[in-house]
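The values are calculated or read from the model by the stated rules, or taken from the named source; none is laboratory data. These figures come from a predicted structure and were not determined experimentally. As a convention, Cβ positions derive from the backbone with ideal geometry for all residues, glycine included, and neighbour counts pool all protein chains shown. The area values use the complete protein model at the heavy-atom level, side chains included, leaving out ligands, DNA and RNA. Shrake-Rupley method; radii C 1.70, N 1.55, O 1.52, S 1.80 Å.
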Amino acid sequence: MTLQPAQLHETVALMAADRAEMVEALAIALAIESDGSLQAQLRKLERVPDGEPFMVTPPRSGAWLKLDNDRRVTVHRERLNGLATVDLALALASNPGLTDALKRALSRTALAPAFRLLDPVWEMKDIPSREQYAVLHRWSPLLEQLAYKSGTRLSILLDLLRPEIRRNLAGGENVGPQLYTYWSALHVMANLIMLASDAQSRPWLNDMASQLSWTMWTPTFPLLRERTVWLAACAARSALAFGEPVIGQYLATLSKAEHPMKAFDALFGLVAIALDRKALARSILSEIRSLKQTLDGRHVAHTYYFRMEYDDAMRTILETGAGQQTSVEMRELGWGFQSGVGLATRAALSTDPASFSASGRFVGFSILPVVVSAAPEEHYCTTAIRWSDLDVSGEDIASIFRRAWVPNSLEAASHVLQ
């Protein structure tokens, strides 16, 4: 099916609206933090004595802003007992003077900083720096649901672009504007999913997961399917955020997987959770071992791929804490936290997690002990970099996507997602 311009334009317009919603939410919080007169009006509305902390609920948000004595705002996912609370939407609706004060604060001190904070994760040509990500992560309770919604919208854009790009790649074409758009949008989606992937986000994440069909979705699949190590590392962070409540769904997906890459995805999520929650590792290992024993009875095609994946997943769990290192993979990927490189290297942006390293292991499973132990900001370099700085060319991008999407291509593994 040919991509319809109307579909693309509608999706892009909705993405712009999502971004504007994130900017507005962050700008309101920054305005409240930076404008003393605005804080004074809010305090007066709720009759909060000077010097006492209180809370504000922003419009259309499940977060809570706590205003401390020094005017600094901290963001919480739940209301703190014993503190007075101002519902900002109700206050604005009933107090025109407060509305005017907020508008002035937004234009004077908040909108420009909000754009500056959010631009790095939305920028199509750059990768955020470690500091840029960490500064924005402070606001994650306020932004995480909006970020995940935006990431989902981007996945719709990718679904619209993918069929035509795949046809072009299958026909031998390498470089085109849609290919660059796809590559850039994919990494923006990864940034947004990273921002939403906090263990404290688990209640709403799992409420969402329980309402979705796991036929073509898991917490890891939207990123892992694209077959690069850096995206796989971001996917692992998503699995950790969903955590224990999705183990059963991952196991059910694994038990029904007919394609080696679908099994790889389910095993990848399970191993990540097992490494993060060591008390659960033994039970996850037992379930994986039991499912491996059912492979013969299922008569799936290419059983040998499934067996290799099961074996390497179990080996990764078993070796956790046994002093085993992943130095071979670290060297191959150019990873080094002490040097400030982090996980965003050219090799990580181009290596297939379903390929084998020099140690004979699946790269995707081998990296998980390092990824799980890394801080979220260590996915990024200490300084912001452009894609061109990493020397990832259009031909490289075409090869990456061809191996993932185009059967029987020179770049592809024996079996690829269709």
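I'd like the distance between the alpha-carbon centres of the range 182-235 and the range 248-285, rounded to an integer number of Å.
15 Å
Plugging the Kirkwood radius over Cα pairs into Stokes-Einstein for the range 46-92, at a temperature of 10 °C and a viscosity of 1.306 mPa s, what D comes out in µm²/s?
146 µm²/s
Post the alpha-carbon centroid distance, the range 102-151 to the range 47-88, in whole angstrom.
Answer, in whole Å: 20.
Take each uninterrupted DSSP H stretch in the chain, measure its Cα extent along the helix axis, and return the ones at 15 Å or beyond whose mean Kyte-Doolittle hydropathy is at least -1.0.
5-34, 111-122, 140-170, 177-196, 229-242, 260-276, 278-293, 303-319, 363-373, 394-405
When only DSSP loop residues count, what GluC sites (Glu not before Pro) in the range 160-252 have their Cβ near at most 14 other Cβ atoms within 10 Å?
Working: sites: Glu164, Glu173, Glu226; in loops: Glu173, Glu226.
Listed in order of number, the matching sites are Glu173.
Once you have a ≥ b ≥ c as the square roots of the Cα gyration tensor eigenvalues for the range 219-330, tell me rounded if a/c is under 1.5, and otherwise prolate or oblate according to whether a/b is larger than b/c.
Because its axes are fairly even, with a/c under 1.5, the range 219-330 counts as rounded.
For the chain, give the percent of accessible area contributed by carbon and sulfur heavy atoms, probe 1.4 Å, rounded to a whole number.
Heavy-atom surface of the chain belonging to carbon and sulfur, 1.4 Å probe: 53 percent.
First check a/c for the range 89-217, with a ≥ b ≥ c the square roots of the eigenvalues of its C-alpha gyration tensor; if it is under 1.5, answer rounded, and if not, answer prolate when a/b is larger than b/c or oblate otherwise.
Because a/c hits 1.5 or more and a/b exceeds b/c, the range 89-217 counts as prolate.
Within 10 Å, count the other beta carbons around each residue, average over each peptide in 120-130, 362-372, and list them highest first.
Per-residue mean Cβ counts within 10 Å order the peptides as 362-372, 120-130.
At q = 0.35 Å⁻¹, what log₁₀ I(q)/I(0) does a Debye calculation on the Cα points of the range 327-367 give, no solvent, two decimals?
Summing over Cα pairs of the range 327-367 leads to -1.28.
If a/c stays under 1.5 just call it rounded; otherwise compare a/b with b/c (prolate if a/b is bigger, oblate if not). Do that for the range 288-405, with a ≥ b ≥ c from the square roots of the Cα gyration tensor eigenvalues.
The shape class here is oblate.
Starting with the highest mean, order 25-32, 288-295 by the number of other Cβ atoms within 10 Å, averaged over the residues of each peptide.
Numbers: 25-32: 22.9, 288-295: 14.8.
The peptides rank, most packed first, as 25-32, 288-295.
If packing is taken as the mean number of other Cβ atoms within 10 Å per residue, what is the order of 148-155, 34-41, 263-270, highest first?
Most protected by this proxy first, the peptides run 263-270, 148-155, 34-41.
Across the chain, how many lysine pairs separated by 8 or more positions, or lying on different chains, have Cα atoms within less than 20 Å?
So the count works out to 4.
With a 1.4 Å probe and every protein chain left in place, work out the accessible area per residue of the range 217-304 in Å², rounded to a whole number.
34 Å²
Averaged per residue, what accessible area in Å² does the range 19-110 show with a 1.4 Å probe, protein chains only?
51 Å²
Could you work out [θ]222 nm for the chain from helices alone, using -39500 (n - 2.57) per DSSP H run of at least four and dividing by all its residues? Round to the nearest 500 deg cm²/dmol.
-19000 deg cm²/dmol
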